[in-house]
Ligand SMILES: Nc1ncnc2c1ncn2[C@@H]1O[C@H](COP(=O)(O)OP(=O)(O)OP(=O)(O)O)[C@@H](O)[C@H]1O
Ligand SMILES: [Mg+2]
């Protein structure tokens, strides 16, 4: 029995949950019709690769924005975030309190990378500076080397001193991926990162993206319409179902996973 404590500590089945949500709800209202996203239970373990695949309007961005602490849940039974194995889970629901919202911004900056559907690059910064943004905000060192290495992996090293307007859509998406990964976040959230690309380019970039997060051991959650090639990448798919009330006034999507 001497080693029992150690055995418990290193048990490989022990999963550290980066997200733990219970009974989280977000409602949105526009012109008399309402939308509600309900998450009875969602648990994402560190290192997992998650896909959320669904039609337009089903609530993908709503969920991702909540997971990135951009959108406040209307209700939450529990919303815990544990970006570091060695730390205790953080009670995000309590952080939405006004006096502590700046902590949410800090957590986002440090631990989350977000790839937006439209890229969201800063037009007046070069590719190099766009990719360095998150590192600069965290006052990380050795930026040039890290950025060049990442740009090499993404096949955009030769574009580092150009502005986004001089790049193709696919190249811009690669820059957006680089920017989300440069500060080595614990988790990368990608909202349809390849939606504006043709299917072949989309598949290529998605493969590269998943390869990179795998190599860097970063947890990833990606929303996409692209059923086919996402399936090939072996991501765990969150299940969801959308229903409309009989009077047509409320659409509700329930997500679990
Ligand atoms: N700012 C907002 N105000 C009110 N309703 C909103 C707002 N943003 C989204 N909605 C509604 O919430 C629902 C879910 O939207 P969401 O953007 O999460 O969907 P999505 O799955 O990301 O769609 P898409 O695939 O088109 O990006 C939609 O019915 C939408 O009309
Ligand atoms: Mg969306």
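The values are calculated or read from the model by the stated rules, or taken from the named source; none is laboratory data. Just so we're clear, the structure is a prediction, and the values are computed from it rather than from any experiment. Please note: Cβ atoms are built from the backbone with ideal geometry, for glycine as well, and neighbour counts cover all protein chains shown.
Can you name the residue in the stretch 187-197 that is in contact with a strand residue (DSSP E or B) (Cβ under 6 Å, 6 or more places away or on another chain) and at negative phi and is also farthest from ligand 2 (Cβ to nearest atom) among such residues?
Looking at residues that are in contact with a strand residue (DSSP E or B) (Cβ under 6 Å, 6 or more places away or on another chain) and at negative phi, I get 187.
Could you tell me how many of the residues in the stretch 113-164 are at pLDDT below 90, more than 16 Å from ligand 1 (Cβ to nearest atom) and assigned to a loop (DSSP other than H, G, I, E, B)?
Matching residues across the stretch 113-164 total 2.
I want to confirm something. Restricting to the stretch 205-228 and keeping residues that are assigned to a helix (DSSP H, G or I) and surrounded by 17 or more Cβ atoms within 10 Å (Cβ to Cβ), which single residue is farthest from the chain's Cα centre (by Cα)?
Across the stretch 205-228, the extreme among qualifying residues is 205.
Yes or no: residue 170 more than 20 Å from residue 212 (Cα to Cα) and either assigned to a loop (DSSP other than H, G, I, E, B) or at pLDDT below 95 (or both)?
no
Sort out which residues of the stretch 110-126 are touching a helix residue (DSSP H, G or I) at 6+ places or on another chain (Cβ under 7 Å) and surrounded by 14 or more Cβ atoms within 10 Å (Cβ to Cβ), and write them in order of number.
Step one: of the stretch 110-126, the residues touching a helix residue (DSSP H, G or I) at 6+ places or on another chain (Cβ under 7 Å) are 113-116, 119-123.
113, 114, 115, 116, 119, 120, 121 - these are the residues of the stretch 110-126 that are touching a helix residue (DSSP H, G or I) at 6+ places or on another chain (Cβ under 7 Å) and surrounded by 14 or more Cβ atoms within 10 Å (Cβ to Cβ).
If you go through the stretch 87-112 one residue at a time, how many are in contact with a strand residue (DSSP E or B) (Cβ under 7 Å, 6 or more places away or on another chain) and without any contact (Cβ under 8 Å) to a residue 24 or more places away in the chain?
4
Considering 211, 171, which residue is in contact with a helix residue (DSSP H, G or I) (Cβ under 9 Å, 6 or more places away or on another chain) and free of Cβ contacts under 8 Å to residues at least 12 places away in the same chain?
Sole residue among the options that is in contact with a helix residue (DSSP H, G or I) (Cβ under 9 Å, 6 or more places away or on another chain) and free of Cβ contacts under 8 Å to residues at least 12 places away in the same chain: 211.
Got at least one residue in the stretch 57-67 being within 16 Å of ligand 2 (Cβ to nearest atom), at positive phi and surrounded by fewer than 16 Cβ atoms within 10 Å (Cβ to Cβ)?
Yes, some residue in the stretch 57-67 is within 16 Å of ligand 2 (Cβ to nearest atom), at positive phi and surrounded by fewer than 16 Cβ atoms within 10 Å (Cβ to Cβ).
Out of (1) more than 28 Å from residue 56 (Cα to Cα); (2) surrounded by fewer than 21 Cβ atoms within 10 Å (Cβ to Cβ); (3) more than 16 Å from the chain's Cα centre (by Cα), the odd one out for residue 184 is which?
Every listed condition holds for residue 184 apart from (3).
With the requirement that a residue be more than 7 Å from ligand 1 (Cβ to nearest atom) and in a loop (DSSP other than H, G, I, E, B), what does the stretch 58-78 give you?
Once the filter is applied, which keeps residues that are more than 7 Å from ligand 1 (Cβ to nearest atom) and in a loop (DSSP other than H, G, I, E, B), the stretch 58-78 yields 68, 69, 70, 71, 72, 73, 74.
Output the number of the condition that residue 79 fails; it satisfies all remaining conditions of (1) crowded, with 19+ Cβ neighbours inside 10 Å; (2) out of contact with any strand residue (DSSP E or B) (no Cβ under 9 Å at 6 or more places or on another chain).
For residue 79, the failing item is (2).
How many residues does the stretch 90-112 hold that are under 18 Å from the mean Cα position of the chain (by Cα) and outside any helix (DSSP H, G or I)?
2
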